[in-house]
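S.K.: A single structure is presented below for examination.
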Amino acid sequence: MNAKRRGRRRKLLIAASLGIIIGVMATVSVNYVWVNSSKDSSCTYCHAHPHAEKSWKLSSHYNNRSGVKTSCADCHLPPKGSFDHAYHKMRLGVHDVWSNIFKDTDKIDWESKKELEYASRIVFNSSCLECHVQLFPEGISDDGITAHLYYEENHDKLDLQCISCHLDVGHYNPDYTHARLQVVPASAGQSGVRYESSAEITSFTAFTETVPGTGVAFEMKAIPGGTFLMGSPDREKFSCGDEHPQKSVTVSPFFMAEAEVTWDEYWTFYAETMSEGRVSPESVMANNSRDDLEVDAISGPTPPFGNPEQGWGGGSRPAITMTHYAAEIYCKWLSMKTGKNYRLPTEAEWEYAARGGTDTPYFFEGNPRRFSDNGFLRSVFKADTAVINRYVIYSKNSRNRTHEPSRVQASPFGLKNMLGNVLEYTADYYAEDAFDRLPDGAVDPKGPQSGEAYVVRGGMYSDDAAEVRSASRRATEHERWLRTDPQQPKSIWWYSDIKGIGFRVVCDVPEGVLAQ
């Protein structure tokens, strides 16, 4: 009996010992994997991004005077010892391993991974603050003090992250800067032909405008007057309440630019008028009536912080990130230079021109339901892109940036990028019930007499097909678009937090010219 007990005890002891050994080995193995999977060598081995390691080693988090190296996990995971650290390590680890095995890395849009919209999902502010406990170190500039004070006061309310202003500290990007622009780009009307006079309009036909004293020229299309239904029908897929009810509207003839104002055009304006803020920001922003604004059209924008071109290129790409006020001053400058009346389009003129005589969701054939990624069906069936890709720069073909107008085909009125590429300012104040207030049969209507926001139309490069319909409308978001502006008071010329905003100009038909 005692022998049997001793045998059972021996077996239990052996089993327990084996269990302990296996447990210790498993714990050591898991800990080894857990620790080593956070090492830089593991990250760079798994990640297929062609420039991730090189740009990291060129960044201030690796290549700096102090000799301190910030590792991948220091930024891309929350601080160690927290539940968030474990959770996000497992979540991101599973995602990265799955992507490495199953995704075709040649089809990944790596350029879009440089943008703040993506980076904010994989960089943790708590980790930034774990290392940078002192936000006002010795030697910090006055601009830095102002910006960090603003961050301390507003980061919770405005959801600010450190990388909102310091996007390139982890991965060097030569096109990114958050300093004030010091040099006017070479494309700012400083080379090539100089036009001596502006175009002469003798008939209601398309013409090429030439800006005197510059090398800037652009195409203007003749938009014949007519009557159309403004807004969208209730049955239109993805239509919104502020697009209803449809109203019959008549628009008089006018000229409209073939494309949005380009960087070549805007930098020329900037080079001729750039100022150090001779217009009072307080008087401009406090005045809700455009008609009462007294502005000196020669006093143009102050230098922006950062690179408004975003490193995407200038030239014929649409100029972006300027405020509505800056767009209006540009129109006044252009009017002075050419002797014509250039301005922003009314909302009615914009939609009439965008539709080009059609009454469908787009000026080309197609169903928003089939073009859009919204809805359950899109998780099963891919969106139809064959038709819309010819006419619109949007989320499916933009690679998260603007493009030249030559990328798309023109509308029935000969206009390019009326839908997509960048949102376009109109002259009208925004009101959700604007169409309720609009009388049926109105002729050349204008929006409300005052308001806190302006109407922007057309959608932008990052929008879904649902948001680039001819009737789609939205409002400017002045405060949100200036979240990370480090200046006090904030700029009246440049936005810091919206990239896909621009404008195109219209020109009134001169007296004596018979419009068709």
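The values are calculated or read from the model by the stated rules, or taken from the named source; none is laboratory data. The shown structure was predicted, so the numbers you read here are calculated from the model rather than taken from an experiment. All Cβ positions, even for glycine, are placed from backbone atoms using ideal geometry, and neighbour counts span all protein chains on display. Side chains included, ligands, DNA and RNA excluded: accessible areas come from the protein's heavy atoms. Shrake-Rupley method; radii C 1.70, N 1.55, O 1.52, S 1.80 Å.
S.K.: Can you say whether LYS490 is within 15 Å of ILE320 (Cβ to Cβ), at pLDDT below 95 and among the charged types (D, E, K, R), as far as the supplied structure shows? Spell out how you get there, then give the answer.
M.R.: Values: within 15 Å of ILE320 (Cβ to Cβ): no; at pLDDT below 95: yes; among the charged types (D, E, K, R): yes.
No: the conditions fail for LYS490.
S.K.: Does CYS46 meet the test of being open to solvent by less than 50 Å² (accessible area, probe 1.4 Å) and modelled with pLDDT under 85? Give the steps one after another, and end with the answer.
M.R.: Numbers: open to solvent by less than 50 Å² (accessible area, probe 1.4 Å): yes; modelled with pLDDT under 85: yes.
Against the criterion (open to solvent by less than 50 Å² (accessible area, probe 1.4 Å) and modelled with pLDDT under 85), CYS46 qualifies.
S.K.: Specify which of the listed residues (VAL24, VAL33) is modelled with pLDDT under 80, assigned to a helix (DSSP H, G or I) and more than 23 Å from ILE108 (Cβ to Cβ). Before you say what the answer is, go through the steps one by one.
M.R.: Working: VAL24 fails: modelled with pLDDT under 80.
So the residue among VAL24, VAL33 that is modelled with pLDDT under 80, assigned to a helix (DSSP H, G or I) and more than 23 Å from ILE108 (Cβ to Cβ) is VAL33.
S.K.: Shifting gears a bit: Six or more apart or on different chains, Cβ atoms under 8 Å: show the pairs whose first residue is in segment 216-245 and within 21 Å of THR205 (Cβ to Cβ) and among the aromatic types (Phe, Trp, Tyr) and whose second is open to solvent by 30 Å² or more (accessible area, probe 1.4 Å) and part of a loop (DSSP other than H, G, I, E, B).
M.R.: Partner pairs satisfying both residue conditions: PHE218/GLU258.
S.K.: When you go through (1) over 26 Å from ALA442 (Cβ atoms); (2) surrounded by 17 or more Cβ atoms within 10 Å (Cβ to Cβ) one by one for GLU243, which number turns out not to apply?
M.R.: Failed condition: (1).
S.K.: Hey, another quick one. Looking at ALA257, ALA188 in this structure, which one is of a type in the set (Gly, Ala, Ser), farther than 30 Å from ALA73 by Cβ, under 26 Å from the mean Cα position of the chain (by Cα) and at pLDDT below 95?
M.R.: Working: ALA257 fails: at pLDDT below 95.
The match here is ALA188.
S.K.: Let me ask something else about it. Condition (residue is touching a helix residue (DSSP H, G or I) at 6+ places or on another chain (Cβ under 7 Å) and either open to solvent by 40 Å² or more (accessible area, probe 1.4 Å) or assigned to a helix (DSSP H, G or I) (or both)) applied to segment 347-359: is it met by at least one residue? Walk me through it before giving the result.
M.R.: First pass over segment 347-359, keeping only residues touching a helix residue (DSSP H, G or I) at 6+ places or on another chain (Cβ under 7 Å): none.
No: segment 347-359 contains no residue that is touching a helix residue (DSSP H, G or I) at 6+ places or on another chain (Cβ under 7 Å) and either open to solvent by 40 Å² or more (accessible area, probe 1.4 Å) or assigned to a helix (DSSP H, G or I) (or both).
S.K.: For segment 419-428, state whether one or more residues are open to solvent by 40 Å² or more (accessible area, probe 1.4 Å) and modelled with pLDDT of 95 or more.
M.R.: Filtering segment 419-428 down to residues open to solvent by 40 Å² or more (accessible area, probe 1.4 Å) leaves none.
No, that holds for no residue.
S.K.: A follow-up question, please. Take TRP98 and decide whether it is farther than 23 Å from ARG483 by Cβ and in contact (Cβ under 8 Å) with a residue 60 or more places away in the chain.
M.R.: Numbers: farther than 23 Å from ARG483 by Cβ: yes; in contact (Cβ under 8 Å) with a residue 60 or more places away in the chain: no.
In short, no.
To keep it simple, each residue is scored yes or no on (1) without any contact (Cβ under 8 Å) to a residue 24 or more places away in the chain; (2) within 30 Å of PRO304 (Cβ to Cβ).
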| position | (1), (2) |
| --- | --- |
| GLU432 | no, no |
| ARG437 | yes, no |
| VAL443 | no, no |
| GLY447 | no, yes |
| VAL456 | no, yes |
| ASP464 | no, yes |
| ARG483 | no, yes |
| LEU514 | no, no |
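S.K.: I'd like the residue in segment 396-409 that is modelled with pLDDT of 95 or more, part of a loop (DSSP other than H, G, I, E, B) and open to solvent by less than 40 Å² (accessible area, probe 1.4 Å) and, out of all such residues, is nearest to ARG355 (Cα to Cα). Walk me through how you get there before you give the answer.
M.R.: Going through segment 396-409, the residues modelled with pLDDT of 95 or more turn out to be 402-409.
Subsequent filtering for residues that are part of a loop (DSSP other than H, G, I, E, B) retains 402-404, 408-409.
Imposing the further condition that a residue be open to solvent by less than 40 Å² (accessible area, probe 1.4 Å) reduces the set to 402-403, 408.
Working: THR402: 22, HIS403: 21, VAL408: 16 Å.
Checking each candidate, the answer is VAL408.
S.K.: To continue, here is another question. Looking at the structure I just gave you, is LYS54 out of contact with any Cys (no Cβ under 6 Å at 6 or more places or on another chain), among the charged types (D, E, K, R) and surrounded by 12 or more Cβ atoms within 10 Å (Cβ to Cβ)? Break it down stepwise before answering.
M.R.: Details: out of contact with any Cys (no Cβ under 6 Å at 6 or more places or on another chain): yes; among the charged types (D, E, K, R): yes; surrounded by 12 or more Cβ atoms within 10 Å (Cβ to Cβ): yes.
The answer is yes for LYS54.
S.K.: Would you mind finding the one in LEU135, LEU129 that is of a type in the set (A, V, I, L, M, F, W, C), over 23 Å from the mean Cα position of the chain (by Cα), open to solvent by 60 Å² or more (accessible area, probe 1.4 Å) and at pLDDT 80 or above? I'd like the intermediate steps shown before the answer.
M.R.: On the way: LEU135 fails: open to solvent by 60 Å² or more (accessible area, probe 1.4 Å).
The unique qualifying residue is LEU129.
S.K.: Just checking, how many residues over segment 410-430 are assigned to a loop (DSSP other than H, G, I, E, B) and touching a residue at least 60 places away in the same chain (Cβ under 8 Å)? Working first, answer last.
M.R.: So the first thing to find is which residues in segment 410-430 are assigned to a loop (DSSP other than H, G, I, E, B), and the list is 410-419, 421-422, 430.
Filter again for touching a residue at least 60 places away in the same chain (Cβ under 8 Å), leaving 410, 413-419, 421-422.
Counting residues in segment 410-430 that are assigned to a loop (DSSP other than H, G, I, E, B) and touching a residue at least 60 places away in the same chain (Cβ under 8 Å) gives 10.
S.K.: Still on this structure, I have one more. I'm trying to understand the selection: among the residues of segment 89-122, which are in a loop (DSSP other than H, G, I, E, B) and open to solvent by 80 Å² or more (accessible area, probe 1.4 Å)? Lay out the reasoning, then the answer.
M.R.: Step one: of segment 89-122, the residues in a loop (DSSP other than H, G, I, E, B) are 103-104, 108-110, 115, 120-122.
Scanning segment 89-122 gives LYS103, ARG121.
S.K.: Can I ask one more? Quick one: which of ARG469, ARG474 is outside any loop (DSSP other than H, G, I, E, B) and either among the charged types (D, E, K, R) or open to solvent by less than 20 Å² (accessible area, probe 1.4 Å) (or both)?
M.R.: Values: ARG469 fails: outside any loop (DSSP other than H, G, I, E, B).
When all the criteria are applied, what remains is ARG474.
Residues checked against (1) surrounded by fewer than 18 Cβ atoms within 10 Å (Cβ to Cβ); (2) at pLDDT below 85; (3) of a type in the set (Lys, Arg); (4) more than 21 Å from TRP481 (Cβ to Cβ):
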| site | (1), (2), (3), (4) |
| --- | --- |
| PHE124 | no, no, no, yes |
| GLU153 | yes, yes, no, no |
| ASP156 | yes, yes, no, no |
| VAL193 | yes, yes, no, yes |
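S.K.: Here's a check for you: in segment 439-465, which residue that is surrounded by fewer than 22 Cβ atoms within 10 Å (Cβ to Cβ) and small (Gly, Ala, Ser) is farthest from the chain's Cα centre (by Cα)?
M.R.: GLY441
S.K.: Then there is this: Only residues that are touching a residue at least 24 places away in the same chain (Cβ under 8 Å), assigned to a helix (DSSP H, G or I) and among the aliphatic types (A, V, I, L, M): list them for segment 47-88, please.
M.R.: Hits for segment 47-88 are ALA52, LEU58, ALA73.
S.K.: On to the next question. Which condition does ILE140 not pass, out of (1) open to solvent by 40 Å² or more (accessible area, probe 1.4 Å); (2) free of Cβ contacts under 8 Å to residues at least 40 places away in the same chain; (3) aliphatic (A, V, I, L, M); (4) part of a helix (DSSP H, G or I), if it passes all the others?
M.R.: (4)
S.K.: Another question, then. May I ask you to list the residues in segment 198-228 that are open to solvent by 30 Å² or more (accessible area, probe 1.4 Å) and part of a strand (DSSP E or B)?
M.R.: Result: THR208, ALA217, GLU219, LYS221, THR227.
S.K.: Looking only at residues that are open to solvent by 10 Å² or more (accessible area, probe 1.4 Å) and among the small types (Gly, Ala, Ser) in segment 304-336, which one is farthest from THR346 (Cα to Cα)?
M.R.: GLY311
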